[in-house]
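A quick write-up on the structure given underneath.
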Amino acid sequence: MCGVVGVVSQTEVASIIYECLTVLQHRGQDAAGIATCDKRSMALVKDNGLVRDVFNSDNVKKLHGNIGIGHTRYPTAGGDNRLESQPFYVNSPYGIVLAHNGNLINTTQLRKELFEEDRRHINTGSDSEVLLNVFAHELQKCNEPKLTPNMVFTAITALNKRCIGGYAVVAMIPGKGIIGFRDPNGIRPLIIGRKLVNQNYEYMLASESVCLDLHGYEIISDVQPGEAVMLTLDSKIHRQQCSDVNNHRPCIFEFVYFSREDSIIDNISVHKARLRMGETLADKILNEMPDHGIEVVIPIPDTSRTSAIPLAYRLGVKFREGFVKNRYIGRTFIMPGQEERVKSVRRKLNAIDLEFRGKTVLLVDDSIVRGTTSTQIIQMAREAGAKKVYFASAAPPVRYPNIYGIDMPVSKELVAFDRTEDEICEILGADKVFYQTLSDLVSACSKDSKYIKNFDTSCFSNEYVTEVGDGYLNDLELLRNDKAKQESTGL
Ligand code: PIN
């Protein structure tokens with residue numbers, strides 16, 4: 001998962017993009033980058049690290065110009081390598097920079113085609129560099145003297161036929177404008193906003209609407225699945241559907257965990273979806289265990305809090321904060337390497353004993369993925385004196401890998417893979433585990449939406465929304481297990 005943003009303004013954009021990246025930091029903490037351009041030239045600053053560490057007053061000064069794009073990165077394909085921070089640049093044609101959120105699942109084939117047929121050279125293991133080169137190649141093929149939005153749309157139509165997977169992309173062409181496009185299933189999010197300044201519109205494309213809020217842009221709409229948008233320097237917006245397939249299946253994990261809850265994705269409030277997840281989970285608990293005896297509902301900070309509040313209310317039970325989070329430590333879930341993860345839970349969370357002592361408690365989390373932090377948290381609750389520890393997950397059991405851009409472990413690292421809920425409960429050391437059902441999760445997310453009734457739910461259902469090549473999932477096991485990751489990151 002990554003965060004992307006693109007801005008066309010009448011004044012300098014670097015500081016606007018920088019601030020957007022700070023509110024997209026949760027989408028990737030591994031690397032960050034900004035590319036801008038003025039009439040003459042393009043400037044690019046990118047490196048490994050948090051947004052606040054990558055940029056400083058000196059290097060931001062280099063970022064001149066009224067148009068630009070930015071990226072926060074968490075690696076899904078490729079390695080944790082400085083060369084793979086984004087945006088990526090390719091010189092020909094026109095000099096294109098591109099930033100990508102998502103994951104392509106046919107990169108092996110594309111790499112082969114790019115090398116053997118398109119005569120293009122790829123320097124890194126990143127699928128985003130592959131995507132950029134497919135775009136560059138298709139644009140080059142248009143072979144007109146002057147670049148027009150129609151040429152860009154023709155190139156993206158061809159790209160959508162070649163690339164399979166999840167992608168939300170922003171790109172910049174110096175002297176021309178900013179381009180945004182989304183895969184034909186709209187798996188990864190991308191929204192467009194505008195702001196009237198001196199009687200002209202300025203535009204922003206971003207992974208999440210929180211970027212628009214930050215700078216006072218109004219939402220125009222989400223980029224539609226398979227649609228491409230070009231924002232030109234004359235303050236015009238050009239949009240075109242660039243795919244025959246238009247089967248909207250946004251990633252449901254954006255609503256469970258990844259997006260900020262103040263964001264609106266595909267017209268769905270993340271906050272409202274999480275509130276409903278709490279209500280449906282309460283109904284399930286009441287159904288499964290009418291005499292539950294729960295005395296207090298305790299959220300595991302932070303994401304689950306929004307679901308835990310209505311859950312407690314519907315159960316008619318007290319809601320209490322029982323864990324204090326050290327807010328200066330990053331999210332454990334997205335730290336590569338199992339060892340690091342195990343160590344960090346106690347550094348990150350501490351229990352307030354008096355909320356646990358002698359009580360039957362219900363802990364609530366947004367999801368259970370590997371089960372490693374959940375196990376330790378249940379243990380902490382017991383050490384704090386809880387009489388019984390129940391555990392509720394606002395998401396169903398995560399049993400399969402995510403292949404569209406979320407760094408979800410391979411099956412055998414998932415605690416729910418090939419296990420029943422009772423077996424999971426035993427491994428976690430809980431007295432009982434309550435999971436959301438998939439249909440309740442889907443209805444919690446889609447209830448207010450006129451258009452979206454289906455999502456990419458593959459990590460729960462094993463049903464992938466695109467074709468998945470033979471052997472892809474097996475190759476992934478080899479590529480993405482923690483050991484391979486440690487080798488590639490040196491951790
Ligand atoms: C919570 C994020 N959330 C916590 C991510 C832990 C799974 N984990 C997914 C639970 S927050 S585990 O956003 O940091 O507040 O099952 O892999 O142990």
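Structure summary
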quantity: Reciprocal mean inverse distance between Cα atoms of the range 270-446 - Kirkwood radius, Å; calculated: 16.3
quantity: Sulfur and carbon atoms: percent of accessible area, the chain [1.4 Å]; calculated: 48
quantity: For q = 0.17, 0.26 Å⁻¹, Debye-computed log10 I/I(0) when each Cα of the range 148-202 counts as one equal scatterer; calculated: -0.67, -1.14
quantity: Ratio of Rg to Rh over the chain (Cα coordinates, Kirkwood Rh, two decimals); calculated: 0.98
quantity: Solvent-accessible surface ranking, highest first, for LYS61, LYS195 at 1.4 angstrom; calculated: LYS61, LYS195
quantity: Within the range 1-114: Cβ-based charge dipole about Cα centre, in debye rounded to nearest 20 (Lys, Arg +1; Asp, Glu -1); calculated: 200
quantity: Calculated FRET efficiency for the pair MET289/LYS39, C-beta based, R₀ 51 Å, to 0.05; calculated: 0.15
quantity: Label point distance in nm, LYS61-ASP262, each placed 7 Å from Cα along Cα→Cβ; calculated: 3.2
quantity: Residue-averaged [θ]222 nm for the chain, counting only DSSP H segments that reach four residues, each worth -39500 (n - 2.57); calculated: -9000 deg cm²/dmol
quantity: Span from the the range 237-295 Cα centroid across to the the range 147-184 one, whole angstrom; calculated: 28
quantity: The chain: angle of helix 107-116 to the longest principal axis, Cα-based, in degrees nearest 10; calculated: 20
quantity: Percentage relative contact order, the range 3-248, counting C-alpha pairs under 8 Å, at least six apart; calculated: 20
quantity: Distance from the range 356-429 to the range 191-217 (C-alpha centre basis), Å; calculated: 39
quantity: Computed label-point distance, nm, for sites GLN10 and ASP302 using a 7 Å Cα→Cβ extension; calculated: 3.6
quantity: Computed label-point distance, nm, for sites LYS318 and ASN246 using a 7 Å Cα→Cβ extension; calculated: 5.4
quantity: Stretch gain in nm, segment THR437-CYS142, where the contour uses 0.36 nm per residue and the Cα spacing is subtracted; calculated: 101.3 nm
quantity: Highest to lowest packing among 159-165, 205-211, scored as the average C-beta count within 10 Å; calculated: 205-211, 159-165
quantity: Solvent-accessible surface ranking, highest first, for SER374, SER269 at 1.4 angstrom; calculated: SER269, SER374
quantity: Evaluated at q = 0.15, 0.18 Å⁻¹: base-10 log I(q)/I(0), Debye formula over Cα of the range 3-248; calculated: -0.97, -1.48
quantity: Lysine pairs meeting the criterion (Cα under 12 Å, 8 or more apart or interchain), as found in the range 270-446; calculated: 5
quantity: Relative contact order of the chain, defined on C-alpha pairs under 8 angstrom at six or more residues apart (%); calculated: 13
quantity: Two-decimal ratio, the range 204-307, of alpha-carbon radius of gyration to 2.2 N^0.38 Å; calculated: 1.47
quantity: Folded to 0 to 90 degrees: helix 372-383 orientation relative to the chain principal axis, Cα; calculated: 30
quantity: Aspartates and glutamates whose Cα lies under 14 Å from that of LYS161, excluding same-chain neighbours fewer than 8 positions away; calculated: GLU113, GLU138, ASP183, GLU227, ASP244, GLU467
quantity: VAL442, VAL345, VAL324, ranked by accessible area, largest first (probe 1.4 Å); calculated: VAL324, VAL442, VAL345
quantity: Stokes-Einstein translational diffusion, the range 129-274 - Kirkwood Rh over all Cα pairs, 0.692 mPa s, 37 °C, in µm²/s; calculated: 208
quantity: MET289 accessible area, assembled protein chains, probe 1.4 Å, Å²; calculated: 40
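The values are calculated or read from the model by the stated rules, or taken from the named source; none is laboratory data. For clarity, every value in this text was computed on a predicted model and none was experimentally measured. FYI the Cβ positions are ideal-geometry reconstructions off the backbone, even for glycines, and counts take in every protein chain you see. What goes into the accessible areas is simple: the full protein's heavy atoms, side chains included, and nothing from ligands, DNA or RNA. Shrake-Rupley method; radii C 1.70, N 1.55, O 1.52, S 1.80 Å.
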